[in-house]
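What follows is a set of notes on a single structure, which appears directly below.
Since every read-out is calculated from the coordinates, none of them should be taken as a lab result. Because the structure is a prediction, the values reported are computed rather than measured. Cβ placement follows ideal geometry from the backbone for every residue including glycine, while neighbour counts extend to all protein chains displayed.
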């Protein structure tokens, strides 16, 4: 499959499109192309980072992957034990079962959990809602996830509002890990945390992926964080994959002008890496998803634009093993 395939996929996105219709009072309805024809596989125990500016389609793609946003077209498939489930069409008991297997870590730890709830109750209620009634099993499961996120059991009697931001995010992760999900979307999980805490959260994700085979989609706008957290990086622009490949190769040998511009703008990428992309000076701002230009969607901002870029849509091409880019320069 294009965009970097894996031999043991947990998630398959096939030509995924997510369009929204936006209509304001007395104005003509417009179509917002949040995700536009993306194909991607995420393997068991793999962390794939989605990187791009705000409005590039990262969060919409992540939500579609776990069934929180319905695809307009294309297919989202969860693969487990040689069984394939169409996530976009799951309903009733099938959907309830999927909710345990597909989870999301939200960006804001201060709004994702009721601050007036006891920590123990914030973990107990999700278990009970999925039919876990035995008090001993509930207690053992909660103790286990607290250990896995590195929090002492003594915090279980505290109220959520008494916790720090880092502790709240760990509780949010603990809630996600209660059912040992097959796939987790981590939506900017470290963007609101101090630098000293980011590494701890990334370590938890890496450990879960390695020890339990959990697949992660790690959404971030920071290329340096993506390099540390993920095995592969997919760079999105206006709902399309501009480039995807092993993290080190995307950082050290970027092909797409947009990837080079993101690296140049990253304050925490090594200066030597940024020096490679000094010639790429992107023009203007990210277009909104209702204004997809013809041809390559990046061409209005690209300093290397050619006539062909303005009319023809480039396909993803494998430029080195596992490293793909969508650009007429290649």
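Dividing the convex hull volume of the alpha carbon atoms of the range 100-229 by its residue count, what do you get in Å³ per residue?
Values: hull volume 12.7 nm³, N = 130.
In the range 100-229, the Cα hull volume divided by residue count equals 97 Å³.
Measuring from centroid to centroid over Cα atoms, what is the spacing of the range 52-98 and the range 218-236 in Å?
Result: 20 Å between the Cα centres.
Express the relative contact order of the range 109-212 as a whole percentage, based on alpha carbon pairs under 8 Å and six or more residues apart in sequence.
Working: 83 pairs, mean separation 33.1, N = 104.
Once divided by the residue count of the range 109-212, the mean separation gives 32 percent.
Can you order the peptides 50-63, 87-100 by their average number of other Cβ atoms within 10 Å per residue, highest first? Display every interim value, and only then the final one.
On the way: 50-63: 22.4, 87-100: 14.4.
My ranking of the peptides, most packed first, is 50-63, 87-100.
Rounded, prolate or oblate for the range 44-125? Axes are the square roots of the Cα gyration tensor eigenvalues, ordered a ≥ b ≥ c, and the cut-off for rounded is a/c under 1.5. Display every interim value, and only then the final one.
Details: a/c = 1.93, a/b = 1.24, b/c = 1.55.
Oblate shape, in that a/c is at least 1.5 and b/c is the bigger or equal ratio.
Return the tail of the calculated pair distribution for the chain, meaning the percent of Cα-Cα pairs more than 30 Å apart.
Details: 20162 of 54285 pairs.
For the chain, the share of Cα pairs beyond 30 Å comes to 37 percent.
With the Cα gyration tensor of the range 155-277 in hand, convert its eigenvalues to equivalent ellipsoid semi-axes via √(5λ) and list them largest first in whole Å. Before the final figure, lay out the partial values.
Numbers: eigenvalues 177, 55, 28 Å².
Calculated on Cα positions only, the semi-axes equal 30, 17, 12 Å.
Pop the C-beta distance of residue 91 and residue 22 into the FRET formula with R0 = 22 Å and round what comes out to the nearest 0.05.
Details: r = 27 Å, r/R0 = 1.22.
Plugging the Cβ-Cβ distance into 1/(1 + (r/R0)^6) gives 0.25.
What order, most packed first, do the peptides 152-163, 205-216 have when packing is the mean number of other Cβ atoms within 10 Å of each residue?
Working: 152-163: 14.2, 205-216: 18.6.
Taking the mean over residues of other Cβ atoms within 10 Å, the ranking is 205-216, 152-163.
With the cut-off at 1.5 for a/c, could you classify the range 7-65 from its C-alpha gyration tensor as rounded, prolate or oblate? Mind showing how you got there, number by number?
Working: a/c = 3.85, a/b = 2.49, b/c = 1.55.
Judged from the Cα gyration tensor, the range 7-65 comes out prolate (a/c at least 1.5, a/b above b/c).
What 222 nm value per residue comes from the helices of the chain, counting each DSSP H run with n ≥ 4 as -39,500 (n - 2.57) and dividing by all residues, nearest 500 deg cm²/dmol?
-9000 deg cm²/dmol
Compute the relative contact order of the chain as a whole-number percentage, counting only Cα pairs closer than 8 Å that sit 6 or more residues apart in sequence.
Numbers: 658 pairs, mean separation 70.1, N = 330.
21 percent.
Please express the Cα-Cα pair-distance distribution P(r) of the range 124-180 as a list of whole percents, one per 10 Å bin, running from 0 to the bin with the greatest distance.
Whole-percent P(r) values from 0 Å outward: 23, 57, 19, 0.
Go through 229-237, 187-195 and give me the packing order, highest mean Cβ count within 10 Å leading. Please report the intermediate quantities before stating the final value.
On the way: 229-237: 25.3, 187-195: 17.8.
So the peptides 229-237, 187-195, ranked by packing, come out 229-237, 187-195.
Is the shape of the range 89-156 best called rounded, prolate or oblate, per the rule: a/c under 1.5 gives rounded, else a/b larger than b/c gives prolate, else oblate, with a ≥ b ≥ c the square roots of the Cα gyration tensor eigenvalues?
Numbers: a/c = 1.97, a/b = 1.35, b/c = 1.46.
It is oblate, given that a/c is not under 1.5 and a/b is not larger than b/c.
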